[in-house]
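The values are calculated or read from the model by the stated rules, or taken from the named source; none is laboratory data. Given the structure is predicted, the values throughout are model-derived calculations rather than measurements. Cβ placement follows ideal geometry from the backbone for every residue including glycine, while neighbour counts extend to all protein chains displayed. These area figures cover heavy atoms from the full protein model, side chains too; ligands, DNA and RNA do not enter into them. Shrake-Rupley method; radii C 1.70, N 1.55, O 1.52, S 1.80 Å.
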Amino acid sequence: MKMFRSVAMSILFAGVFFSLHSMISAANPVCEPTTGTTIQLFDKNNTLMETYTLAPNSATSSVRVAVNNAIRSVSEFPRDTATGNRGTVLLSKGNFTASAFILMRSGVTLEGTMDNGKSVTTICTESKSDPVTIKILESQASIKNLKLDGKRKTEDTVTGEPRKYYASRHRGIQVTAIDQTKSTDELVGTYPTTHNDADAKRLKNISIEDVQISGYEGYGIYLEFVDGVTIKGSDTIYKKSMNITDIGYAGIGGVSANNVTVKHTTVSDLWPGSTVGSAQQSYGMAFSHRKINNTDVHAQAKFPPSNTIAVDQNVVANNPTWEGIDSHSGQNVSFTNNVILNTRFPIVVGGMEYAAGKMSAYPPRDITISGNRINKQRVGTQDDYDVYDIEKNDTITERGIAVTGSQFTDLTKMETGFLESVVIKGNYVSNVEAADESHGGISIHVTKHAVIEDNTIENSFNNGIVFLSSNKSTKLQRNNIHHVDKSAHNFIPAGIGIRGSHNNGNVNNDYTALPLTLTNTLIENDHTFASVGSEVHFQAGTSNNLLNNRIGIPPAFTTQDDLRH
């Protein structure tokens, strides 16, 4: 049975409000008045059940009430027993300006209207209201074919000077039932920890598809304590249908997030980030866990790391100060077939830092980094800058792919925190202008059983592949390393640079004359080198490196300043 209902909402916008807002915040942008005309409600069988009609220039509070009422109505429709779907709220073409956040409910899809393959529905919330545009507090919810406009501040409200802002809680989509008004210290006592309690409180089966998110000072999408989130675009070639841009801190951020897939998504233009020491830290896509502000091991254990993350076939661009794709302490994480351009640190995996960076703990585990392309310019007909419509700028990439364990497994400080099982395979890395002798195209530090194979590294400074300290039983084979130049500093360039000590097969950090077997670090002789300075260079002062000699490295080596082949 079909039912039709028209609800007129005719409260006009007050012109005084817009005049006053403009005076306070100079020329900073504000949300446009509502121009959308209808809100349609469909059931699980895609049958039109109700229609709401909005009057022109409806008050922002009325728009919020209308959209939230529509979502609540659909959440009461019968549920599909197989999928959990109850129905869809379809917004017509136009702007929907709400006085505060839109609240999603279980079983509901909030969808915008498409025209010629592009979304023509925009949601914006007033800057004076809750800084999140859409909140998902229940499982089984979907967002599709919408534009979310955060109208982030673009100039200083006092001086009028151009600038960008960072505010963590200004977010496009927030997916969590964890109270975001509480600090990490306050959440220690309430964060779910037991298996049954935690499983019940994680939000599950969340889908975000073909959404355009721009102008938020914190996150484009924020995930916390979730299990089963898919973020994807239908444009598999150019990655333009799921697009997050002009973000102050992180395009997509996951905290204690499980089973998350991000695919065919573009994240770009990240600035300025959070000030940490002298750094401005911002992220394209990052998956981690809450970090406490002390060294209480029991308190930190309340916040589990992110687990089972797949970031595949995405584009991350224009992050001049920090990291493109990142995981702190993540487990079972794969970063595959992504393109990273104009980013200072394209791919980084490591532990969590404490005591102002003086100590680290909680190493990541089971990491796969494969098929990614970093700063790929024209080779034949392929140019990632052209394909993805990213203008090459003057951002300096200082490291390509960097993976590291941590000083300790946890805050008890009892054991070294090795990153166990990492595969770095088939990546292309170019134009890494390392300013430090320990940086390069691919770097590893405090790892066990790392495999680095079939990568191409070219047009970079200092090192193609670099070993820092304490990498155990590493295997290198079939890498192509071309054109490694000397930087402005007095460093010796190398295809493979051994820049730290204790790179051997011994899990302890002492030097023992183990037999030269695969239990030791193995550098095969099947690499391709061209114009790299030294093919393999041992940093002066390094010690306790026991490497297999298939590439001609003397097994009794302890310290040499330069080794050439």
Add +1 for every Lys or Arg and -1 for every Asp or Glu among the other residues with Cβ under 12 Å from the Cβ of TYR428, and state the total. 0
Expressed in µm² per second, the diffusion coefficient of the range 236-327 from the Stokes-Einstein equation, with Rh the Kirkwood radius over alpha carbon pairs, at 25 °C and 0.890 mPa s, is 174
extent check for the chain: Cα max minus min per principal axis, descending, whole Å, gives 85, 49, 45
So how compact is the range 236-290: Cα radius of gyration and Dmax in angstrom? 12.6, 39
In debye to the nearest 20, how big a dipole does the chain give about its Cα centre with +1 on each Lys and Arg Cβ and -1 on each Asp and Glu Cβ? 1180
Alpha-carbon Debye profile of the range 270-386, log10 I(q)/I(0) at 0.17, 0.18 Å⁻¹: -0.88, -0.97
In 5 Å bins starting at zero, report the fraction of Cα pairs in the range 52-134 per bin as a rounded %. 3, 15, 23, 23, 19, 12, 4, 1, 0
Residue farthest toward the positive end of the dipole of the chain, with Cβ of Lys/Arg at +1 and Asp/Glu at -1: which of VAL429, SER329, VAL188? VAL188
Excluding ligands, DNA and RNA, what is the solvent-accessible area per residue of the chain at a probe of 1.4 Å, expressed in Å²? 40
Residue-averaged [θ]222 nm for the chain, counting only DSSP H segments that reach four residues, each worth -39500 (n - 2.57): -2000 deg cm²/dmol
What is the range 96-140 by shape, rounded, prolate or oblate, if you read a ≥ b ≥ c off the alpha carbon gyration tensor as root eigenvalues and call it rounded for a/c under 1.5, prolate for a/b larger than b/c, and oblate otherwise? oblate
Hey, if you drop one equal point scatterer on each alpha-carbon of the range 364-506 and run the Debye formula without solvent, what base-10 log of I(q)/I(0) do you get at q = 0.14, 0.15 Å⁻¹? -0.66, -0.75
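Rounded, prolate or oblate, given the Cα gyration tensor of the range 163-266, with a/c below 1.5 counting as rounded?
Here the range 163-266 falls in the oblate category.
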Distance in nm between pseudo-label sites at GLN377 and GLU32 (7 Å out along the Cβ direction from Cα): 3.8
Over the range 65-106, what portion of Cα pair distances is larger than 14 Å, expressed as a whole percent? 52
Fraction of accessible area attributable to carbon and sulfur, the chain (%, probe 1.4 Å): 50
Principal axis dimensions, the range 112-179 - Cα atoms, whole angstrom, descending: 44, 38, 16
Quick one: net charge of PRO162's neighbours, Cβ under 13 Å, K/R +1, D/E -1? +1
Take the residue pairs LYS240/LYS425; LYS118/LYS232; LYS128/LYS151; LYS153/LYS239; LYS44/LYS144; LYS204/LYS291 and return only those whose Cα atoms are more than 19 Å apart. LYS240/LYS425; LYS153/LYS239; LYS204/LYS291
From the square roots a ≥ b ≥ c of the eigenvalues of the alpha-carbon gyration tensor of the range 108-241, which class results: rounded (a/c under 1.5), prolate (a/b over b/c), or oblate? oblate
